[in-house]
Amino acid sequence: MHPFTGFILWLWYSVSAFMLPLGPASLLALALPMLALFGNPDGRQRLSWLLQLLLPLALGLWLIHSQILAYCFGTIESWHWPWPATTLWLRIATSLVVAQLWFSYCPLPRLIAALFASRLPLSLSYLLAGPLLLLDPIKRQIAQIRQAQLARGVPLDGTLWQRSKAAPALLMPLLNSLLQGVGQQGAMLEMRGFRHQAQRTRRNAPLDPIWQQQLRWGIAVVMLLQLLGALLWR
């Protein structure tokens, strides 16, 4: 599947999930991609990362919107279950889970190749792909800085309080290295004639069959009809 087809499917699923009211349908919309993620080792790892993000988010929404803190401090006489916040959390969780499902089946190099081989303007393609190109160098720099700071005795593997205090020792060299690399990347783009030609070619560009292009346009039309129907229904 072409990366853009996966993207439009994620967008359609997210839009549809945001239109669903709280109930069995919204729960099923979240459960299906979670089961699909749980079906492979990479998906299970992604799901564990998502749960570390979504569970604190759910707790924060519940504490704020249920007014239980005000009830505990005696400011109000009762508290209620935050149904609107629950609906919002389900929608956010569904969108993030489906996004991780898309990334699990769409490797990052394939997505970058699709962006550069697309019909998008070259400047826009690089604007979208630039942050993705920095992920691997940033990971390597973090690993090198971490090893260097551990050799100096910085407690980056200690307790949570120690790691929090030692975070600047990891972040400041990383930011300094990224800022120094901006000029180098700009010079490399100038040397390669960036934006000199409007048309470009890309090796190993993902195949984009006609039926997938038609499918993307069809899903885009369906999303517009869904949004129009939701506006008219209100």
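The values are calculated or read from the model by the stated rules, or taken from the named source; none is laboratory data. Note that the structure is predicted; figures quoted are calculated from it, not measured. A quick note on method: Cβ atoms are made from the backbone with ideal geometry, for glycine too, and the neighbour counts reach across all protein chains shown. Note: areas computed on protein heavy atoms with side chains; ligands, DNA, RNA excluded. Shrake-Rupley method; radii C 1.70, N 1.55, O 1.52, S 1.80 Å.
Values for this structure:
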read-out: The chain: relative contact order as a whole-number percent, Cα under 8 Å and 6+ apart; value: 28 percent
read-out: The range 9-139: translational diffusion in µm²/s, Stokes-Einstein, Kirkwood Rh over Cα pairs, 10 °C, 1.306 mPa s; value: 92 µm²/s
read-out: Choice from Gly153, Gly23, Gly218 with maximal GNM fluctuation in the chain (Cα, 10 Å cutoff); value: Gly153
read-out: Solvent-accessible area of Leu108 with every protein chain in place, 1.4 Å probe, in Å² to the nearest 10; value: 50 Å²
read-out: Student exercise, the chain dipole from Lys, Arg, Asp, Glu Cβ charges, in Debye to nearest 20; value: 660 debye
read-out: Projected label distance in nm at Leu53 and Leu160, using a 7 Å step from Cα toward the beta-carbon; value: 2.0 nm
read-out: Accessible heavy-atom area order of Ser16, Ser123, highest first, probe of 1.4 Å; value: Ser123, Ser16
read-out: Restricting the range 64-170 to chymotrypsin sites (Phe, Trp or Tyr not before Pro) in coil, as DSSP defines it, with at most 14 other Cβ within 10 Å; value: Phe73, Trp79
read-out: With DNA, RNA and ligands ignored, accessible area of Val98 (1.4 Å probe; Å², nearest 10); value: 20 Å²
read-out: Å² per residue, accessible surface of the chain at 1.4 Å; value: 70 Å²
read-out: The chain - Rg over Rh from alpha carbon coordinates, Kirkwood radius; value: 1.04
read-out: Within a Gaussian network of the chain (alpha carbon springs, distance under 10 Å), most fluctuating of Ala113, Ala169, Ala31; value: Ala169
